[in-house]
Amino acid sequence: MNTPAPTRPIALVTGASSGIGACYADRLARRGHDLILLARDETRLRQQAERIGADSGVAIELLRADLTERRDLERLTARIRDDAAIDLVVNNAGIATPGPLLGADLARVDAMLALNVVAATHVAIASASAFAARGHGTLINIGSVVALLPERFNGAYSGGKAHLLNLSQALEQEAAPHGVRVQAVLPGATRTEIWQRAGVAIASLPAQMLMDVGDLVDAALAGLDQGERVTIPSLPDPAQWERYAQARLALAPDLSRDTPAARYRVAPAAAEPQA
Ligand code: NAP
C-alpha cells in the first residue's frame, strides 16, 4: 500500500530572486515550508531554488511573473485563492525611486506604484481573503520605516509604504477574528540590490544605518513568532511604537466633528456682504 507523502504548508514569496525575499525563502524552508518563489528573473530564481533545495530538501516551485503585468498579477491572486496548501505569503516584491519629487521621472514613479502599491495591494487582499475563508494563514507585508518618515526619502516611495502599513493594519483588524495573522515588517536601510538597482551607491549610506539582510529577516520572523502586528527590526524599545500608535488613536475623537475648530470660525456678520 502506498502511503501518501506528508504535505508541508506552502509559503509563497514574491520578489524571491534576491535580497529580502531570497532570504525569507531560505529561512521559511528551514522552518519546514515548501515554497513557491516568484520573480521575473527565472535563472536567478532557479539558482536560489537549487541552493535552498540542496540545504533543506523542501519542494520548490518557481513562478516567473512580472507583477506590473495585469495578467501575471491575476494569475497569482487566482493561485492564492484556489490553492489551499498556501498558508503563508510574503508580499515583498518592490522597487525604489530615490531622489527628489520635483522633476521626478513620472514613468518611473508609475512603474514603482504599479508594483509597490497596486500589485502589493492585490496580493495582500487576495491572501487575507483566502486565509480568512480557510480559517488560517499568515500574510507578511514588507513595508519600510520611511512610511513614518515622509520628510527623509522620496515621498512617492514612502507614500506607497505608508499605504501598505495602513492596509496591513486594516486587514489585520478584519482578518484576525478569522484566524489570520497579518504582520507589517518595516525594514530600515538593508544591504540588498535595491540600492544599486535604483542608482544609489550603497557605500554612500552610513554603515551604522545598514542592516544585513539575514539579521533583518531573522528579526522579522522573531517578531512574527512574538505575535507582533508591526515589526520594526532595528527599534530598540517597542514602547516607542506603542506610544506613537496611541498618540495617533488619541486624535480619533476630534478628527471628524460637526463644527470646524474655533480657530477656523469666521466672525458671523462681518463675513456677510451688505445688500
Ligand atoms: P531587491 O534585492 O532588489 O529585491 C527585489 C525583488 O523584487 C527581486 O526579487 C526582484 O526580482 C523582484 N521584483 C522587482 N520587480 C518585480 C516585478 N515587476 N514583478 C515581480 N517581481 C519583481 O530589493 P530588497 O531590498 O530585497 O526589496 C524587497 C522589499 O523590501 C521591497 O518591497 C522594498 O521596498 C523593501 N525594503 C527594502 C529596504 C532596503 O533597504 N533594502 C528597506 C525597506 C524596505 P526580479 O528582478 O527577478 O523580478
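The H on the amide N of Thr231, modeled in the peptide plane, is under 5 Å from the matching H of Ala184, Val185, Leu186, each at least 5 residues off or on a different chain. The length gained on full extension between Asp66 and Asp212, counted as 0.36 nm times the residue separation minus their Cα-Cα distance, comes to 49.9 nm. Using a/c under 1.5 as the rounded threshold, could you call the stretch 56-98 rounded, prolate or oblate? The axes a ≥ b ≥ c are square roots of the C-alpha gyration tensor eigenvalues, and prolate needs a/b larger than b/c, oblate otherwise. Note, shape of the stretch 56-98 comes out oblate. Protection proxy ranking, highest mean first, for peptides 95-107, 7-19, 185-197: 7-19, 185-197, 95-107, where packing is the per-residue count of other beta-carbon atoms within 10 Å, averaged. Sorted on the mean count of surrounding Cβ atoms within 10 Å across their residues, most packed first, peptides 26-38, 243-255 read 26-38, 243-255.
Note that the stretch 156-275 carries a Kirkwood radius of 18.3 Å, evaluated over its alpha carbons pair by pair.
Close amide-amide hydrogen proximity is noted between Thr190 and Met211, each under 5 Å apart and 5 or more residues distant or on a separate chain (H modeled in the peptide plane; Pro and chain starts excluded). In percent, rounded to a whole number, the relative contact order of the stretch 25-170 is 21, using alpha-carbon pairs under 8 Å and six or more apart.
If r is the Cβ-Cβ distance from Arg134 to Asn166 and R0 is 30 Å, what FRET efficiency results, to the nearest 0.05? Calculated value: 0.75.
Evaluated at 37 °C with a viscosity of 0.692 mPa s, what Stokes-Einstein diffusion coefficient in µm²/s does the chain have when Rh comes from the Kirkwood expression over alpha-carbon pairs? It diffuses with D of about 161 µm²/s by this estimate. Of the accessible area of the chain, computed with a 1.4 Å probe over protein heavy atoms only, carbon and sulfur atoms account for 54 percent. Nearest 0.05, what FRET efficiency do Ala252 and Arg46 give at R0 = 45 Å with Cβ-Cβ as r? That pair, Ala252 with Arg46, gives E of 0.35. Summed over qualifying helices (DSSP H, 4 residues or more, each -39500 (n - 2.57)) and divided by its residue number, the chain shows a 222 nm mean residue ellipticity of -13000 deg cm²/dmol. Just checking the listed ones, Asp237, Asp218, Asp258: in the Gaussian network model of the chain with Cα springs under 10 Å, the one fluctuating most is Asp258. Between Ala261, Ala130, Ala239, the Gaussian network model of the chain with springs among Cα atoms under 10 angstrom shows the greatest mean-square fluctuation at Ala261.
In terms of the Cα gyration tensor, with a ≥ b ≥ c the square roots of its eigenvalues, is the stretch 93-218 rounded because a/c is under 1.5, prolate because a/b exceeds b/c, or oblate? Prolate, because a/c is 1.5 or more and a/b exceeds b/c.
Between Leu235 and Tyr264, the simple spin-label model (points 7 angstrom out along Cα→Cβ) gives 2.9 nm. Where a ≥ b ≥ c are the square roots of the eigenvalues of the C-alpha gyration tensor, would you call the stretch 1-85 rounded, which needs a/c under 1.5, or, failing that, prolate if a/b is larger than b/c, or oblate? Oblate is the answer for the stretch 1-85, as a/c is 1.5 or above yet b/c matches or exceeds a/b. Accessible surface area normalised per residue over the stretch 10-264 is 51 Å², counting heavy atoms of protein chains with a 1.4 Å rolling probe.
Full extension from Leu205 to Ala107: what is 0.36 nm times the residue separation minus their Cα-Cα distance, to one decimal in nm? Stretched out fully, the Leu205 to Ala107 stretch lengthens by 32.7 nm.
The values are calculated or read from the model by the stated rules, or taken from the named source; none is laboratory data. A quick note: this is a predicted structure, and the numbers were derived from the prediction, not measured. Methodologically, a virtual Cβ is constructed for each residue, glycine included, from the backbone with ideal geometry; neighbour enumeration extends over all protein chains shown. Side chains included, ligands, DNA and RNA excluded: accessible areas come from the protein's heavy atoms. Shrake-Rupley method; radii C 1.70, N 1.55, O 1.52, S 1.80 Å.
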